[in-house]
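S.K.: Take this structure, written in structure tokens, and hold onto it; I'll ask about it next.
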Amino acid sequence: MAIFMFFIFISLTLIVTFWAARRTSNLKTFYAAGGNITGLQNGLAISGDFMSAASFLGISGLVFSAGFDGLIYSIGFLVGWPIVLLLIADPLRNLGKYTFADCVSFRLKQKPIRILSSCGALTTIIFYLIAQMVGAGKLIEMLFRIPYNFSVIIVGSMMVLYVTFGGMLATTWVQIIKAILLLLGASIIAFLVLFNFHFDLTAFFNQAIQLHPKKIAIMGPGGLITDPISAISLGLALLFGTAGLPHILMRFFTVKNAKDARKSVIYATSFMAYFYILTFIIGFGAIIFLTNNPTYMTEDGKLIGDINMAAVHLSHAVGGNMLLGFISAVAFATILAVVSGLTLAGASAISHDLFPLFVSKKTLDEKKEMRVSKIASLILGLLAILLGILFQNQNVAFMVGLAFAIAASTNFPVLLLSIYWKNLTSRGAVIGGGLGLITAIMLVIFSSTVWVDMLHFPEPFFPYKYPALFSMTVTFFMTYIFSITDSSSQAENERKKFQDQKIQSLIGI
């Protein structure tokens, strides 16, 4: 049944890709789906892009293992959207063209700003890709009993196929289909779980408390994040990282105008709020139906396929093979849709922002830029496969948390300040953003995640898992210092540009 559902979905998405490929003849269609996506369609696509493997598999798994604390991710993912709506959506759509670097470099020096923005975008995308590849590999390995490495190769090949042939048009419709299926599948699981308790939430949670090894502790904080610094740091990453995710920001260029961009955020927030409520029910449902169940647990008491597979196992426990097949196909759809969006955003950063600066001394024609983007998609696909294999034992929600930390440390501060702060200069943005990016990456390397778990050193140099509190502080402080002390003629011109009435009207001031 699972195999049958998989092939139905893959066939459907290949038909969409073939349809989109015949209509993708220029850069605007390849990068921005021609700018003809409606607010509702884009809201579905954004939610489809955002409700990733980290959301469906990772958060459900964290709630299954840690209880209430697992919701810090879903709440953090959600509350960042009002910031996007109020501060980012309108000016981004008005000032940009294909990537958020277009907006950041609007009044600043093109070359250094595009290099910085591309580095921040690519680093964020790579961490995000790791999470999706790990989730996909575990899912296919468990269902089809094929080696994990081969599973990751299958997913990487599919995502390259979608992007290189269908571009943003195919990616958008794959994301829309996936969002509808995911909302439907999660609703069915949650309904069946609560149906077993006659929709009595008190009985539902009491049963989970009795079965979980931590008992009543799963209903309070401290099960996942044990110190306030880590909690604040993760919260900042999730809150502000949303507004710095390049594959999400890229979606605002697919609509006709700023009004539709705002509608997109409102629709997407509504869909995601409903979905994250469901992940809470699914996580606690997994505690009830999977704990101590030999069908889903190994001999040493661990969940088969690790905690990332809690939602998939729960679908079988409450709905049998039919629901398992459907949810497995939906989970696979979730991953393919997200990795396609990530790959396209990464490829556009390379072909649109970096390649013309270093390789081509003049403006690229559209066909050449599309060709470069497709080559970049292939390279990113190969890199994603390699990293998916190396990081196969990491929780996918945690890996996305690191991606958010980097987006919050580099992309968001520079984007926000370029839009709203008149004294921002190219020197301040490059030095501040660059130091923030380096700080975030180095703190991740020196944390227990890499320094201890991967490199096998006895103690981490950096005692916290999440770097955002420190790296965001570095970015904002250094950007401020190096901007206000910049008295060059270039800086004066950049400050005057901000006062231009045309720019202020585009920003919305």
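The values are calculated or read from the model by the stated rules, or taken from the named source; none is laboratory data. As the structure is a computational prediction, the values presented were derived from the model and not from experiment. Positions of Cβ are generated from backbone atoms using ideal geometry, with glycine treated the same way; all protein chains shown enter the neighbour counts. Ligands, DNA and RNA are excluded from the accessible area calculation, which covers all protein heavy atoms including side chains. Shrake-Rupley method; radii C 1.70, N 1.55, O 1.52, S 1.80 Å.
S.K.: In whole percent, what relative contact order does segment 412-485 give with Cα contacts below 8 Å and a gap of six or more residues?
M.R.: On the way: 88 pairs, mean separation 33.4, N = 74.
Contact order relative to length: 45 percent.
S.K.: Go through segment 172-221 and name the chymotrypsin sites (Phe, Trp or Tyr not before Pro) that are in a DSSP coil and have 15 or fewer other Cβ atoms within 10 Å of their Cβ. Walk me through the numbers before you get to the answer.
M.R.: On the way: sites: W173, F191, F195, F197, F199, F204, F205; in loops: F197, F199.
Here the sparse-neighbourhood loop sites are F199.
S.K.: Now for a separate question. Which is the longest part of the chain that has none of the trypsin sites (Lys or Arg not before Pro) sitting in a DSSP loop with at most 12 other Cβ atoms within 10 Å? Each step should come with its number before you reach the end.
M.R.: Working: sites that count: R22, R145, K302, K361, K362.
With a cap of 12 other Cβ atoms within 10 Å, the longest stretch comes to 146-301.
S.K.: If you don't mind, another one. Does anyone have the angle between helix 396-406 and the longest principal axis of the chain? Alpha-carbon axes, 0 to 90°, nearest 10?
M.R.: Roughly 20 degrees between the two axes.
S.K.: Run a plain Debye calculation on the chain (Cα atoms as equal point scatterers, no solvent) and give log10 I(q)/I(0) at q = 0.05, 0.09, 0.13 Å⁻¹, rounded to two decimals, same order as the q list.
M.R.: Values, matching the q order: -0.18, -0.59, -1.23.
S.K.: A further question on this structure: Go through Y276, Y480, Y420, Y464 and list them by solvent-accessible area, largest first, probe radius 1.4 Å. It would help to have the intermediate numbers written out before the result.
M.R.: Working: Y276 10, Y480 110, Y420 85, Y464 60 Å².
Descending accessible area places them as Y480, Y420, Y464, Y276.
S.K.: Provide Rg and Dmax in Å for segment 1-122, with only Cα atoms included in the calculation.
M.R.: 18.7, 56
S.K.: Additional query: Per Stokes-Einstein, at 10 °C and 1.306 mPa s, what whole-number D in µm² s⁻¹ belongs to segment 58-125, with the Kirkwood radius over Cα pairs as the hydrodynamic radius? Provide the component values of the computation, followed by the final result.
M.R.: Working: Rh = 14.4 Å.
Diffusion coefficient, whole number: 110 µm²/s.
S.K.: Name the long-range amide H neighbours of M297: under 5 Å, sequence gap of 5 or more, or other chain; modelled H, no Pro or chain starts.
M.R.: I304
S.K.: 222 nm [θ] for the chain, helices only, -39500 (n - 2.57) per DSSP H run of 4+, per residue, to 500? The partial results should precede the final answer.
M.R.: On the way: 22 runs with 354 residues, N = 509.
One gets -23000 deg cm²/dmol as the mean residue ellipticity at 222 nm.
S.K.: Over what distance in Å are the Cα centres of segment 171-238 and segment 268-305 separated?
M.R.: 7
S.K.: Tell me the per residue accessible area of the chain using a 1.4 Å probe; a whole number in Å² is fine.
M.R.: Values: 19290 Å² over 509 residues.
Per-residue accessible area for the chain comes out at 38 Å².
S.K.: On a 29 Å Cα-Cα criterion, which of the cross-link pairs K28/K138; K111/K422; K109/K368; K97/K178; K256/K368 come out too long?
M.R.: On the way: K28/K138 36 Å; K111/K422 20 Å; K109/K368 24 Å; K97/K178 26 Å; K256/K368 25 Å.
As for pairs spanning more than 29 Å Cα to Cα, those are K28/K138.
S.K.: To continue, here is another question. Accessible area of the chain with a 1.4 Å probe: how many percent of it is carbon plus sulfur?
M.R.: Details: 12970 of 19290 Å².
Heavy-atom surface of the chain belonging to carbon and sulfur, 1.4 Å probe: 67 percent.
S.K.: While we're here: Using +1 at the Cβ of each Lys and Arg and -1 at the Cβ of each Asp and Glu in the chain, identify which of L14, A403, A286 lies farthest towards the dipole's positive end.
M.R.: L14
S.K.: Report relative contact order for the chain in percent, whole number only (criteria: Cα-Cα under 8 Å, sequence separation at least 6). Working shown, then result.
M.R.: Numbers: 905 pairs, mean separation 152.0, N = 509.
Reported as a whole number, the value is 30 percent.
S.K.: Using only Cα atoms, tell me the angle between helix 258-290 and the longest principal axis of the chain; keep it within 0 to 90° and round to the nearest 10.
M.R.: Around 30 degrees separate the two axes.
S.K.: Cα to Cα, under 19 Å, and not fewer than 8 places away if on the same chain: which lysines meet these conditions relative to K215?
M.R.: Straight-line reach from K215, under 19 Å: K302.
S.K.: Note the angle between two axes, namely the Cα long axis of helix 39-50 and the longest principal axis of the Cα atoms of the chain, as a number of degrees from 0 to 90, rounded to the nearest 10.
M.R.: With both axes taken from Cα atoms, the answer is about 70 degrees.
S.K.: Give me the distance between the Cα centres of segment 146-162 and segment 75-121, rounded to whole Å.
M.R.: Result: 31 Å between the Cα centres.
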